[in-house]
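Written out below as structure tokens is the structure these notes cover.
The values are calculated or read from the model by the stated rules, or taken from the named source; none is laboratory data. Just so it is clear, the structure is predicted and the values come from calculations on it, not from any experiment. Reconstructed Cβ throughout: ideal geometry from the backbone, glycine too, with neighbour counts over all protein chains shown. Ligands, DNA and RNA are excluded from the accessible area calculation, which covers all protein heavy atoms including side chains. Shrake-Rupley method; radii C 1.70, N 1.55, O 1.52, S 1.80 Å.
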Amino acid sequence: MCIRFSSAVASRRERWYSDGIVYPKPTWLGKELLARLAKWSVESKKSEFKSTLSLVSIAKYSKLYQELKEEYKEMVKVWPEVTDPEKFVYEDVAIAAYLLILWEAERAEHGVTKKQSFVDLGCGNGLLVHILRQAGHPGRGIDVRRRKIWAMFGPETQLEEGAVTPEDKNLFPDVDWLIGNHSDELTPWIPVIAARSSYRCRFFVLPCCFFDFVGKYPRRQSQKTQYREYLDFIKEVGLTCGFHVEEDCLRIPSTKRVCLIGKSRTYPPAGEVSIDEQRTRYILSRGGRPLHKDPPCPPLRGQDGPRAQDAGAEPGPAARGAGSPAEGLWLPGFQPRAPAERVRNCATLPRDFIDHVVLRVARLLLDGKQPSPGEDSRDAGVKPWNPGGSLSLAEVASELDKETLQRLRRECGGLQTLLRNRHQVFSVLNGRVRLRDWREEQLQRETRPGPRRGPGAEAFKTRPCWFFTHHPDGCALPAAHCPFAHGPRELRPAWSARRAGQPPQPMATTPVEA
């Protein structure tokens, strides 16, 4: 038997930067790649997805991707959102490169030079819109919620704040392509909106979260993965709407990277009326709740409807139901995302309430274990430090009063979410909570390469050390090694506060009783 050995060696980190696609992170190369290569070498399972970049020229895509990546790599350094800049910047760069090559091939196929127009429905951070606009394609993005980064793009990048609902007033007769990049509840509607906007309108969707026409998508085929089943559903929607639907797999840093494309129709323009009847029946069959006990069938589009705009006519008004919340909707019950996203991670709770719960849980953990003499002294001369015990979340909850628990449950995450959010103080793993020992964190940072959890250089000493103030033994780390401030003299303003000229926010100072 012949055994081959492989190794992955990364060059010095300062000589390159990772984008997760062309240059994976060293930890992934060492811990993931070799194991996957070994698995793939003996695996004979047929993939349920198409090969990567099967619909475009890989050579052209790779060249353009490298150019765009170089052009937009500085966005990673100035990213103002809370999302991961490496993932979102390079993902949008990759999607933009794919669309630009796809559209270039389409122009060559039809012998035209005019660049395609587009609308990105649910555009999110708007970077994809910005890149496509900078490449010369007229278009805009629409999202229910404005993002901070929009202000960085300038007026030439047209981004609009507003909800998109599936109805006649939200059609785009003059647009060549509709884009749905992780468009959530709009995803199944995008082929429908494209089909009813004009006969020449095409679509590109990159499904992520699983939504039906109304509400969450219900699983129906247990023999398929949920992701594969949902892709087949969106493909079915496109086919029912009269599109030839093609599937491709993108090269992006995401587990959801299969896109569906509708570039041409299965019927001639004269067949629009009968195809729209087919669309309407299919949409209603997906379980939309009628607004009346015995509602009449909604009128179907005729030659005075959206299809007639190819001949210069304006769209007719929708008459698909009654009632204020669903007036004009193609299917009653659709609810667009709320403009203001509800905070669902206990972050809106009052600071004094959070501090009270944190102190209460810390006391429970310290009461659960008292170190024996010399137990915690790792080196001669090091003072003992009580790491406390370990309790299950159920045990902690049983010690809290009913009103506190109810208040936490209303925050959609409860006790576990609050404790996880207090990463400086607690470690929550496998349903058990303990005090975080920052000596272990320091040891892991010294011995383990790759991304490290904890404050970076900009956040060093910008927050008070909870253990220095509250723990009976103080902080387990010396002041020089602790990433948090031991007393007000060490405290530095946070980067955002330094830019705004604001002082850092104080923490509660009630100590934990020994």
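Looking only at residues of region 72-100 that are of a type in the set (A, V, I, L, M, F, W, C) and modelled with pLDDT under 95, we find that the one that is surrounded by the fewest Cβ atoms within 10 Å (Cβ to Cβ) is Val82.
Selection of region 21-61 for residues being at pLDDT 80 or above, of a type in the set (Gly, Ala, Ser) and over 27 Å from Arg228 (Cα atoms) yields only Ala59. Counting the residues of region 414-434 that are surrounded by fewer than 17 Cβ atoms within 10 Å (Cβ to Cβ) and not polar (S, T, N, Q) gives 5.
Applying the selection to region 143-172, what residues are open to solvent by less than 20 Å² (accessible area, probe 1.4 Å) and within 17 Å of the chain's Cα centre (by Cα)? Once the filter is applied, which keeps residues that are open to solvent by less than 20 Å² (accessible area, probe 1.4 Å) and within 17 Å of the chain's Cα centre (by Cα), region 143-172 yields Asp143, Ile149. When restricted to residues that are over 20 Å from Tyr199 (Cα atoms), of a type in the set (D, E, K, R) and touching a Gly at 6+ places or on another chain (Cβ under 8 Å), region 128-186 contains 5.
State yes or no: is Lys69 open to solvent by 60 Å² or more (accessible area, probe 1.4 Å), in contact with a helix residue (DSSP H, G or I) (Cβ under 7 Å, 6 or more places away or on another chain), at pLDDT 75 or above and of a type in the set (Lys, Arg)? Against the criterion (open to solvent by 60 Å² or more (accessible area, probe 1.4 Å), in contact with a helix residue (DSSP H, G or I) (Cβ under 7 Å, 6 or more places away or on another chain), at pLDDT 75 or above and of a type in the set (Lys, Arg)), Lys69 does not qualify.
Here Lys224 passes the criteria (1) surrounded by 16 or more Cβ atoms within 10 Å (Cβ to Cβ); (2) modelled with pLDDT under 95; (3) out of contact with any Lys or Arg (no Cβ under 8 Å at 6 or more places or on another chain) except the one numbered (1). If we scan region 247-266, do we find a residue that is of a type in the set (Asp, Glu), closer than 23 Å to Thr52 by Cα and in contact with a Lys or Arg (Cβ under 7 Å, 6 or more places away or on another chain)? Within region 247-266, one or more residues are of a type in the set (Asp, Glu), closer than 23 Å to Thr52 by Cα and in contact with a Lys or Arg (Cβ under 7 Å, 6 or more places away or on another chain). Considering (1) surrounded by fewer than 20 Cβ atoms within 10 Å (Cβ to Cβ); (2) closer than 25 Å to Ile142 by Cα; (3) in contact (Cβ under 8 Å) with a residue 24 or more places away in the chain, the lone condition that Asp120 does not fulfil carries the number (1). Checked against (1) modelled with pLDDT of 90 or more; (2) open to solvent by 40 Å² or more (accessible area, probe 1.4 Å), Leu359 passes all but a single condition, namely (2). Residues of region 133-142 that are in contact with a Leu (Cβ under 7 Å, 6 or more places away or on another chain) and either open to solvent by less than 10 Å² (accessible area, probe 1.4 Å) or among the small types (Gly, Ala, Ser) (or both): Ala135, Gly139, Gly141.
If we keep just the residues of region 251-262 that are open to solvent by less than 70 Å² (accessible area, probe 1.4 Å) and in contact with a strand residue (DSSP E or B) (Cβ under 9 Å, 6 or more places away or on another chain), which is modelled with the lowest pLDDT? The qualifying residue modelled with the lowest pLDDT is Ser254. Evaluation of Ser197 against the conditions (1) more than 24 Å from the chain's Cα centre (by Cα); (2) surrounded by 15 or more Cβ atoms within 10 Å (Cβ to Cβ); (3) farther than 20 Å from Leu121 by Cβ shows that the sole unmet condition is (3).
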